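Asker: Dumping the structure here so I can ask a few things about it.
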Amino acid sequence: MTVVRSALVMALTRLGSLNALEQTQGNTFWQRWLSASLPSADTVGEVFTQVDLAGMRTTIKALYAKLKRNKVFKSSDPYGLVLIIDGHESSASYLRHCDGCLQRTLHTKDGDVTQNYHRLVSGMLYCESFYFLLDVEMQKPGEDEVTAAMRLLERILENYPRAFNLIIVDGLYVRAPFFKLGLKHGKEIMAVLKEERRELMQDVRGLFKIVPSIEYQTGKTKRTCWDIEDLTSWESLGRTVRVVRSLEETPVLRQLTKKIEIHKAEWIWVTTLSQKQLPTKSVVDIGHKRWAIENNEFNEIVNCWYADHVYRHHPVAIEAFWLMTMMAYNLFHAFIGLNLKPQIRYKFSKLHWAQMVKAEIYGIATQGPNLSWHPP
């Protein structure tokens, strides 16, 4: 427990490495918080190779349950809360290798070289102005990302059976087994459709030419949409699906030329939702929210929380430190979201509040002897 509590503070204060954590050994905060001396970097790394991953997931689940009781999870979407699943490559190396490493051959001018890397799949609960990181699963050697995602989804469905109604994924997950898993548990699914060789895509390309479209404006973006349901082209799924296409035109002011150019984009989604369950505009709006996992999880947790840092090159340790970082991320966002008024919360950046948390923690060392501190 002493090691885990130390790692939690390391994540909350965004120290970024076990060596940076070890450099704070002289701070009397640790004696007050741990009632023991701060363990060394080697000790923390070694313990995390044997840590109970199920116990860490139980802690995240307990935090979710508490936030749910406090009615934090709200959604303005007509179909309720959304689960977003996506993959991420966390690290790569030509030298270090462990039992959990994936391998690939890169062709360079000096010949072929073998690169070791780690890839994971994460699930994020999308709420109104709040993002909760539920779980993570490492991709194992010899399997693809979708296999790891199905293992993750099965565990999320077991631990959070009523947390969401809809699953949003990338085009890689347009596979019958993945869709069937969600449908089996009563969940609807929406995925980006971008594989031109699929019979489903070939069929809808022809139908787009004869089906009437609808147009509407969202901010500066003009959207022209086609919505086709009861499609039977995906035979391996064994049921009808719906495809929605959105052609989008957005005026963009170029800084170099000072001229306005029209940026065009095409989006196509396949979903199990019917038009009766969700109108076209809502499908397009929710479909675009898949990028939330890129911007609000992977981008922030990697660049601001150092989640990609390999604290200890061991398959269990890598997964455990990711779970610990997710736990710290959830705690931090719950703290600033529930304890700070909007006027003060949005006045400063998240980095500012992270620095304030760090200053508050280490400032405790200078306060009275009877002071006890608890994480936010």
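The values are calculated or read from the model by the stated rules, or taken from the named source; none is laboratory data. As the structure is a computational prediction, the values presented were derived from the model and not from experiment. Positions of Cβ are backbone-derived with ideal geometry, glycine not excepted, and every protein chain shown enters the neighbour counts. Accessible surface areas use protein heavy atoms only, side chains included; no ligands, DNA or RNA. Shrake-Rupley method; radii C 1.70, N 1.55, O 1.52, S 1.80 Å.
Asker: Enter the accessible area of Tyr94 (Å², nearest 10), with the probe set to 1.4 Å and all protein chains included.
Answerer: Approximately 130 Å² for this residue.
Asker: Let me ask something else about it. Which percent of the accessible heavy-atom area of region 237-376 goes to carbon and sulfur, probe 1.4 angstrom?
Answerer: Solvent-exposed carbon and sulfur of region 237-376 make up 56 percent of the total.
Asker: Decide, for region 1-157, between rounded, prolate and oblate: order the square roots of the alpha carbon gyration tensor eigenvalues as a ≥ b ≥ c, take rounded if a/c falls under 1.5, and otherwise choose prolate if a/b is larger than b/c, else oblate.
Answerer: Cα axes put region 1-157 in the oblate bin.
Asker: Something else about it: What order do Glu297, Glu319, Glu261 take when sorted by accessible area (1.4 Å probe), most exposed first?
Answerer: From most exposed to least exposed: Glu261, Glu319, Glu297.
Asker: May I pose another question? Taking Cα atoms, how many degrees apart are the long axis of helix 315-339 and the longest axis of the chain, rounded to 10 and kept between 0 and 90?
Answerer: Approximately 90 degrees, to the nearest ten.
Asker: Additional query: If the viscosity is 0.890 mPa s and the temperature 25 °C, what translational diffusion coefficient in µm²/s does Stokes-Einstein give for the chain when Rh comes from Kirkwood over Cα pairs?
Answerer: In µm²/s, the coefficient rounds to 106.
Asker: Evaluate the charge dipole of the chain about its Cα centre and quote only its size in Debye, nearest 20, assuming +1 on the Cβ of each Lys and Arg and -1 on the Cβ of each Asp and Glu.
Answerer: 1300 debye
Asker: Using the structure shown, select from Lys68/Lys289; Lys259/Lys341; Lys220/Lys258; Lys222/Lys289 the pairs with a Cα to Cα distance greater than 29 angstrom.
Answerer: The answer is Lys259/Lys341.
Asker: For region 1-70, what is the charge dipole size about the Cα centre, in debye to the nearest 20, if Lys and Arg each add +1 at the Cβ and Asp and Glu each add -1 at the Cβ?
Answerer: Once rounded to the nearest 20, the dipole reads 620 debye.
Asker: Please compute the per residue accessible area over region 240-336 with all protein chains in place, 1.4 Å probe, rounded to a whole number of Å².
Answerer: 42 Å²
Asker: While we're looking at this one, here's another question. Starting from the residue with the highest accessible area, list Tyr160, Tyr346 in decreasing order, probe 1.4 Å.
Answerer: Tyr346, Tyr160
Asker: Taking Cα atoms, how many degrees apart are the long axis of helix 350-363 and the longest axis of the chain, rounded to 10 and kept between 0 and 90?
Answerer: With rounding to tens, the tilt is 20 degrees.
Asker: Quick one: order Thr108, Thr232 from most to least accessible surface, probe 1.4 Å.
Answerer: Thr232, Thr108
Asker: Sticking with this structure for a sec: So, with a 1.4 angstrom probe, what is the percent of accessible area on region 67-107 that is carbon and sulfur?
Answerer: The computed percentage sits at 48.
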